[in-house]
Amino acid sequence: MGRQAKSMRNWDGSITSRPAARVSPANVSELIAVITNTKKYPSHVRAVGAFSSSTRCAASDGGTIVEMG
């Protein structure tokens, strides 16, 4: 589920996020594990799709990105 976090950029490069963790949970149980294990998956936890937003609502510098797509 988890993987080494890398910098992420939105579609036009105007927003960059540097999360501590990026995950793609396969089911609700895995998502609950992400939300409740704050040592492995630090806050702020943000759910993202294609990371195409032109606002920082999906950015999580130092936090956790949950890839929903």
- Counting only residues 5 or more places away or on other chains, whose amide H sits under 5 Å from the amide H of ARG22 once H atoms are built in the peptide plane? ARG3, ALA5, ILE65
- Message: Starting from the 7 Å offset along Cα-to-Cβ, what nm value, one decimal, do you get for the label separation of THR16 and THR36?
- Response: 3.7
- With all distinct Cα pairs included, what does the Kirkwood hydrodynamic radius of the chain come out to in Å, to one decimal, could you say? 11.9
- Message: Quick check: at a probe of 1.4 Å, how many percent of the accessible area of the chain sits on carbon and sulfur atoms?
- Response: 52
- Query: Say a paramagnetic label sat at a point 7 Å from the Cα of ARG56, along Cα to Cβ; which residues of the range 4-37 have their backbone N under 13 Å from it?
  - Reply: 15-18
- Query: Using a 1.4 angstrom probe with every protein chain in place, what is the largest-first accessible-area order of ARG9, ARG22?
  - Reply: ARG9, ARG22
- Please compute the net charge surrounding SER54, taking Lys and Arg as +1 and Asp and Glu as -1 over other residues with Cβ under 13 Å from its Cβ. +1
- Task: Quick one: which residues, 5+ away or cross-chain, put their amide H under 5 Å from the amide H of ILE15? H built at 1.01 Å from N.
- Result: ASN10
- Along the range 59-69, Karplus-curve 3J(HN,Hα) (6.51, -1.76, 1.60; θ = phi - 60°) to the nearest Hz, with x for Gly and Pro, reads 6, 8, 4, x, x, 10, 9, 9, 7, 9, x
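The values are calculated or read from the model by the stated rules, or taken from the named source; none is laboratory data. Predicted model only: the values in this text are computed from it and were never measured. FYI the Cβ positions are ideal-geometry reconstructions off the backbone, even for glycines, and counts take in every protein chain you see. Each accessible area value is taken on the protein alone, full model and side chains, heavy atoms only, with ligands, DNA and RNA left out. Shrake-Rupley method; radii C 1.70, N 1.55, O 1.52, S 1.80 Å.
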